[in-house]
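Following: one structure in structure tokens, then a few remarks.
The values are calculated or read from the model by the stated rules, or taken from the named source; none is laboratory data. Just so it is clear, the structure is predicted and the values come from calculations on it, not from any experiment. Every residue, glycine among them, receives a Cβ derived from its backbone with ideal geometry; neighbour counts consider all protein chains shown. Keep in mind that these areas ignore ligands, DNA and RNA; they rest on the heavy atoms of the full protein, side chains included. Shrake-Rupley method; radii C 1.70, N 1.55, O 1.52, S 1.80 Å.
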Amino acid sequence: MAYSEKVMDHFANPRNVGEMPDADGIGEVGNSKCGDIMKMYIKVKDNIITDVSFKTFGCGAAIATSSMATELVKGRSIDDALQLTNKAVMEALDGLPPVKVHCSVLAEQAIKAALSDYYTKQGIDPEPIVGKISECEECHLH
Amino acid sequence: MSEYVYADNAATTRLSDAAFEAMKPYFTEYFGNPSSLYKLGAASQRAVDKAREDIAGCINAPRPTDVYFVSGGSEADNWAIKGAAELGLKKGKKHIISSRFEHHAVLHTLEYLEKHGYEVTLLEVHEDGLVRPEELEAAIREDTALVTIMFANNEIGTIQPIKELAEIAHKHGVLFHTDAVQAVGTVEIDVQELGVDMLSMSGHKFHGPKGVGALYIKKGIRLPSLIHGGAQERGMRAGTENIAGVVGMAAALKEAVENIPERNARLTKMRDRLIDGLSVIDRSRVNGDRVHRLPGNVNMCFEGIEGESLLLMLDLKGISASSGSACTSGSLDPSHVLLALGLPHEIAHGSLRLTFSDENTEEDIDRILSVLPPIVERLRSMSPLWEKIVNNSKD
């Protein structure tokens, strides 16, 4: 199994890593039992994600997909961020080994979980906008 | 490459110079088929015979012909277990005893046999990674055909009381096999002293070539064949002999058993210095008994981080290691070995295996001790799991 150069770059030099004390939304997905936890922090102003950061426990692909997902939504509108798919994260990383695809699903879910938390904090029901945050299928199997 | 550290000798080893030199003539010069009548074939036959004698000598087998050449450790395990199962069946015995943390070459063979009507009991290995002889004795039944327990574990290096376990099996008239792939060439092996009926070994674990191994079968055990075809290995294992392979394996093993006490004293010192140095890291633990352990094996868990990311970071710093973590093996489950020790999933995910051979130096240990702690710290600084562990401990 080999990772692409982009995956290794985002693993070795993760972008936007760390806690955000004044975040407007925080989302956490995954569980320690299956070996991946992603936590995303977002700052929102005028419907724009002005800042984003993450903390991840997991394999190389988990860290790289978290990093790439933050890059893909940073400075974008909430509407754009809601359109983020795991496929887009994977493509931006020049692909992932088949057993690591679930990491990109988790990264997509983590962004949505942060947006969901943002709406909840605004007193808005997130479900009609963000949809249900489901665990990835592979985590369900465990 | 002076900064490069190879610390994955339990996965495979570098071919020794002596083995490589011994092998060379058998690729292009003495390439004959040992089964042929002409002189070139006879030269190959002599090389195979000599390799068999040498290997028998290294494990103190009573006769060279008790050693059968195979393709590696997995084939040796498959042959011993499936063969013993078939022998058992003739006497109406369909029960096999093994342990929970065997290599998959054993565990998956046993699963296969379960699908074909055999019953398998897997003994616990407890927190220290050691099988309890009294638990083996209690598990033996009237219909037990075989006990197969590994000599030394491939992930945590714990060494089982093989002699005692074999005695218990024999007291009840049960065959005893040991997968000694991690032990041969590393610790002293005397098959007569141990009293085992069958023992598996693999060339590339002791600086021999890959693709060759051997099964010792005690005289009188009429093990049915696994590979059918020509009359090689006295009709027991078909296939043209891997001449260069068996020559290289014999050369490597002879070299490996020459200086076992001195080498192990040196490796044990290095191992213990590394374990002590890494144990300073907060919330780290050593997996498996520290005393009954291969001299070159270090296996530790660091809470709050995941094994694969640790390995990748080490690789970026020029250190080759491995993890029990499943991420590398294509499944999401953590190591079955660490789970067998009773470790929870989240801790078992953060394991690291560093394994050393004669070719490692004290400088390698220094390098790991300087490189590893900052990596653990860095990964923890970005781990939400570590954040939870720290917060919970404050409560």
Cα long-axis angle, helix A:60-73 against chain A (0 to 90 degrees, to the nearest 10): 40 degrees
Length gained when the stretch residue B:46-residue B:315 is fully extended (0.36 nm per residue, less Cα-Cα span): 92.5 nm
Specify which residue in the list B:319, B:240, B:129 is farthest towards the positive end of the charge dipole of chain B, using unit charges on the beta carbon of Lys, Arg (+1) and Asp, Glu (-1), about the Cα centre. B:240
Considering only the protein assembly as shown, what is the antiparallel percent among its DSSP beta bridges, to the nearest 5? 65 percent
Taking +1 at the Cβ of each Lys and Arg and -1 at the Cβ of each Asp and Glu, which of B:220, B:198, B:284 sits farthest along the dipole of region B:196-312 towards its positive end, judged by Cα position relative to the Cα centre? B:220
Rounded if a/c under 1.5, otherwise prolate or oblate - the protein assembly as shown, Cα gyration tensor axes: prolate
Assigned charges on the beta-carbon of Lys, Arg, Asp, Glu; chain B dipole about Cα centre (debye): 1020 debye
GluC sites (Glu not before Pro) in region B:93-148 lying in a DSSP loop, each with at most 11 other Cβ atoms within 10 Å of its Cβ, come to B:142
Within region B:45-93, trypsin sites (Lys or Arg not before Pro) in DSSP loop having at most 12 other beta-carbon neighbours inside 10 Å: B:91
Can you give the accessible area of residue B:257, probe radius 1.4 Å, in Å² rounded to 10? 50 Å²
Ellipticity estimate at 222 nm from DSSP helix runs (n ≥ 4, -39,500 (n - 2.57)) divided over the protein assembly as shown, nearest 500: -13000 deg cm²/dmol
With each pseudo-label sitting 7 Å past Cα toward Cβ, what's the residue B:290-residue A:6 distance in nm, one decimal? 4.7 nm
Relative contact order of chain A (C-alpha contacts under 8 Å, at least 6 apart) in percent is 28 percent
Find the relative contact order for chain B and round it to a whole percent, using C-alpha pairs within less than 8 Å whose residues are 6+ positions apart. 21 percent
Would you mind checking the radius of gyration and Dmax of region A:27-106 based on alpha-carbon positions, in Å? 12.4, 38
Could you tell me what percent of the DSSP beta bridges with both partners in region A:1-104 are antiparallel, to the nearest 5? 95 percent
Links exceeding 29 Å between C-alpha atoms in this model, out of B:163/B:269; B:93/B:163; B:115/B:254, come to B:115/B:254
I'd like the interface area for chains A and B: accessible area of each alone minus the complex, both sides summed, 1.4 Å probe, protein heavy atoms only. What is it in Å² to the nearest 100? 2300 Å²
Gained length - residue B:279 relative to residue B:60, 0.36 nm times residue gap less alpha-carbon distance: 75.0 nm
Run the quick spin-label model on residue B:369 and residue B:219: label points 7 Å from Cα toward the beta carbon, then report their separation in nm to one decimal. 5.1 nm
Work out, in µm²/s and without decimals, the Stokes-Einstein translational diffusion coefficient of chain B at 10 °C, 1.306 mPa s, Rh from Kirkwood over C-alpha pairs. 72 µm²/s
According to the square roots a ≥ b ≥ c of the eigenvalues of the Cα gyration tensor, what is the shape class of region B:298-395, taking rounded for a/c under 1.5, prolate for a/b larger than b/c otherwise, and oblate for the remainder? oblate
Give the accessible surface of region B:143-195 per residue, rounded to a whole number of Å², with probe radius 1.4 Å and ligands, DNA and RNA excluded. 28 Å²
So if I place +1 on the C-beta of Lys and Arg and -1 on the C-beta of Asp and Glu, and nothing else carries charge, what would the dipole magnitude of region A:6-142 be about its Cα centre? I want it in debye, nearest 20. 220 debye
Share of carbon and sulfur in the accessible heavy-atom surface of region B:9-52 [1.4 Å probe, %]: 62 percent
Please check: in the Gaussian network model of chain B (C-alpha springs, under 10 Å), which one of B:213, B:195, B:117 has the largest mean-square fluctuation. B:117
At 18 angstrom or more along the helix axis (alpha-carbon based) and mean Kyte-Doolittle of 1.0 or higher, what helices does chain B contain? Whole DSSP H runs only. B:243-258
With charges set only on the Cβ (+1 for Lys and Arg, -1 for Asp and Glu), what does the dipole of the protein assembly as shown come to about its Cα centre, in debye to the nearest 20? 1220 debye
Compute the long axis of helix A:101-121 from its Cα atoms, compare it with the longest principal axis of the Cα atoms of chain A, and write down the angle in degrees, 0 to 90, nearest 10. 10 degrees
Determine the alpha carbon to alpha carbon distance for each of A:100/A:121; A:55/A:132; B:91/B:171 and list only those over 28 Å. A:100/A:121
Rounded, prolate or oblate: pick one for region B:95-166, where a ≥ b ≥ c are the square roots of the eigenvalues of its C-alpha gyration tensor, a/c under 1.5 means rounded, and failing that, prolate if a/b is larger than b/c, else oblate. oblate
Value of relative contact order over region B:46-119, rounded to a whole percent, pairs C-alpha under 8 Å and six or more apart: 24 percent
